[in-house]
1. Per residue Cα convex hull volume for the range 205-289, in cubic angstrom?
2. Take the Cα atoms of the chain, build their convex hull, and give its volume per residue in Å³.
3. Less than 27 Å apart at the alpha-carbon level, and either on another chain or at least 8 residues along: which lysines does that give for residue 323?
4. Using a Debye calculation, one point per C-alpha and no hydration shell, please list log10 I(q)/I(0) for the range 117-265 at q = 0.14, 0.18, 0.20 Å⁻¹ in order.
5. In terms of modelled amide H atoms, which long-range or inter-chain residues lie less than 5 Å from the amide H of residue 280?
6. Using a 10 angstrom cutoff on alpha carbons, build the Gaussian network for the chain and name the most mobile of 35, 52, 103.
7. In a GNM of the chain with a 10 Å cut-off on Cα contacts, which of 183, 301, 259 has the highest mean-square fluctuation?
8. What FRET efficiency do you get for residue 253 and residue 63 if R0 is 35 Å and r is their Cβ-Cβ distance, rounded to the nearest 0.05?
Amino acid sequence: MKPRILVSREVFDETLAMLGEHFEVESNQADIRHSTDALAALLADKDGAVISTSDRIDASVLDRAPRLRVVANVGVGYNNIDVPACTAAGVMATNTPGVLTDSVADLTFGLVIATCRRLTEAEHYLRSGEWKGSFLKQMLGKDVHGATLGIVGMGRIGQTVAKRAIGFEMQVLYHNRTRLDAATEAECRAAYRAKDDLLREADIVVLLMPYTPETHHLIGARELALMKPSAVLVNVARGGIVDDAALVTALRNGTIWAAGLDVYENEPRLNPDLLTLKNVVLSPHIASASEPTRKAMANTAARNCIAALTTGSPPNLLNPDVKDRVRS
Ligand code: DGY
C-alpha cells in the first residue's frame, strides 16, 4: 500500500501529479484554511504532509499524528513549525530555500520604489479623480538611486538585494548575526554595521531575517526613534519582527517618513490603523508570488516529501538530528 499524505492547501496540478506517483494523496484544492485541531485530525492517519506557512505544526499536533514522518513546508520561513518538537517526535521537517530568492529580492525592490515614490498613494489619487494636471510639487518622494540602503538579515535574499542595489548606485550597509567573510562583503559591496548604527545611517531599511524568539519586535519604538525622520522601512521578512502598533505611531508622528510592508503581525488580520495611513504601502504577503517561483516552491516541497518517505534523506532537512530516530 502507498504511504498516505496530506497536502494541506491548494497546490499546482503538476505538484499533485508528482506526489500521486508515490502516495495516496488527500488534497485541499478548495484551499480551506484548517484550524490546528482540524489539521491534527487530518494528519491522524497520514505518513507525511506538504504544508503551508499558515499551518502550525507543534507538539500538540504531532501527538495526534502517530504515523507522521515528514512535514514539508512550502516556504523558506519555517516559524510555523516547532522544529525541536518534530525532532523529539521523530518527524523530519523540510523547507524550500533558494528557489524564491530572486523573486523575493525583486519584490523587495518593488516595495522600496513604491514606498519612496508614493506609487500607491499616487494611484489612489488618480483613480479618485483628484488629478487636475501636473504641477511642480506633485507627489514629491525620495530617490532610491544613490540612497543608503540598510539590510538587516544578510542571508541569501539579503545578499541578492544588495547586488540589485549596485545597479541603483546605492551605498549598502548590512547587519547580520554573523558578519560575512570579506570576499562576500566585497561581492555584495556591503559594509557591516552594528544594528543601531545601521538604523541611524540608512535612508532605507530593509528587513530580511527569519522570525524567531530573538527577532520578535526587533524593530519597536526605540529602534524607530533611532531612524532618520526621512527614512523608509520595508519589511518582507515576517510579521512580528516589527511591532506594528509602534510602527503606526511612528508613521503618524513623522518619526520615520514611510513604510512598505508585505508581512504583518497576526496575518491576515492586520492592524486596522495601517489602513488609515497614506505613508504606508501594503501588499498581502506576496514576496515570492510569481507563478514560476510558487511552482518551484510547491514542487520542491513535494520532492522533499517524496525523498523523506522513500529514502529517508530529504534535500532540505531542517532537523538533521532526527535522522537516527525517525519513526518507522
Ligand atoms: C516564505 O517562503 O517564507 C514566504 O514568506 C512564503 O510564506
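1. Once divided by residue count, the hull of the range 205-289 is 84 Å³.
2. 150 Å³
3. By straight Cα distance, residue 323 reaches 2, 46.
4. Evaluating at q = 0.14, 0.18, 0.20 Å⁻¹ gives log10 I(q)/I(0) of -0.70, -1.06, -1.25.
5. So residue 280 has HN proximity to 259.
6. For the chain, modelled as a Gaussian network with Cα springs under 10 Å, the answer is 35.
7. The residue with the greatest mean-square fluctuation here is 183.
8. Step by step, r from the Cβ atoms, then E = 0.15.
Taken together, the values in this text are just the output of simple stated rules run on the coordinates, not laboratory data. These numbers come from a predicted model, not from an experiment. When we count neighbours, we look across all protein chains shown, and the Cβ atoms used for this are built from the backbone with ideal geometry, even at glycine.
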